[in-house]
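Step one of this worksheet: look at the structure below.
Throughout, read-outs are computed from the coordinates displayed, never taken from laboratory work. In this text, all values refer to a predicted model and were calculated from it rather than measured experimentally. With ideal geometry, Cβ positions are generated from the backbone for all residues, glycine too; neighbour counts draw on all protein chains shown.
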Amino acid sequence: MKIKSILNDPLERERFLKFSAVGAFGALVDFGTFHLLMSLLGILPVLSQVFSFTAAIISNFIWNRFWTYPDSRSKPITHQLVTFFAVNIVGLGIRTPIFAGLEEPFRRLFLQVPFLPIGFVTADRLGYTFALGVAVVVVMFSNLRSAPPSRADKAFFCQTSA
């Protein structure tokens, strides 16, 4: 998507807004699933972020295919799924070591905050959330930078959580 077309073309503007909404919802799925898996099921943080990433990319794929880009349904889903998951596997390969490398430093940083914990907000949860946030942003920009322009416009390469 080019900024000029988003500003001038109502259809492109609508798609961009839908795409943005899907990305925001994907981030909620990612962070929500991550914290539920850790808090309720006691799954280790690194494994939880793999499962939450997977849930978010599945959500993004479905919403983008059926809502943002309904015209994409005229193409075979098999090829789209393979391409989408291949790109996102690369994203997961980038994201996991970033998360694993940052979770402990962020947790230690938040242990220094004197007023924590506040209810369910603990130094551990904040550390995990910030590490996940940094990893999500890095992958998002990596996907945007590496996707060919014609394919980036079709949304299957852009994952905001992921």
* To do: Give the residue from 77, 120, 5 lying farthest towards the positive end of the charge dipole for the chain; charges sit on Cβ (+1 for Lys and Arg, -1 for Asp and Glu) and the dipole is referred to the Cα centre.
  => 5
* How large is Rg/Rh for the range 49-127, to two decimals, with Cα atoms and a Kirkwood Rh? -> 1.20
* DSSP loop chymotrypsin sites (Phe, Trp or Tyr not before Pro) in the range 15-118 with at most 14 other Cβ atoms within 10 Å of their Cβ, which ones? -> 115
* Asked: In deg cm²/dmol and to the nearest 500, what is the mean residue ellipticity at 222 nm of the chain if only DSSP H runs of at least 4 residues count, each as -39500 (n - 2.57), divided by the residue total?
  -> -25500 deg cm²/dmol
* Structure fact -> Most fluctuating of 40, 126, 92 in the GNM of the chain (C-alpha, under 10 Å) is 40
* **Phi to ³J(HN,Hα) by Karplus 6.51 cos²θ - 1.76 cosθ + 1.60 over the range 121-133, Hz, x for Gly, Pro** => 7, 10, 4, 4, 4, 5, x, 5, 5, 5, 4, 5, x
* Structure fact -> From the Cα centre of the range 116-139 to that of the range 38-97, the distance in Å is 21
* Measure of size requested: the Rg and Dmax of the range 3-152, with Cα atoms as the atom set and Å as the unit; please supply both. => 17.5, 56
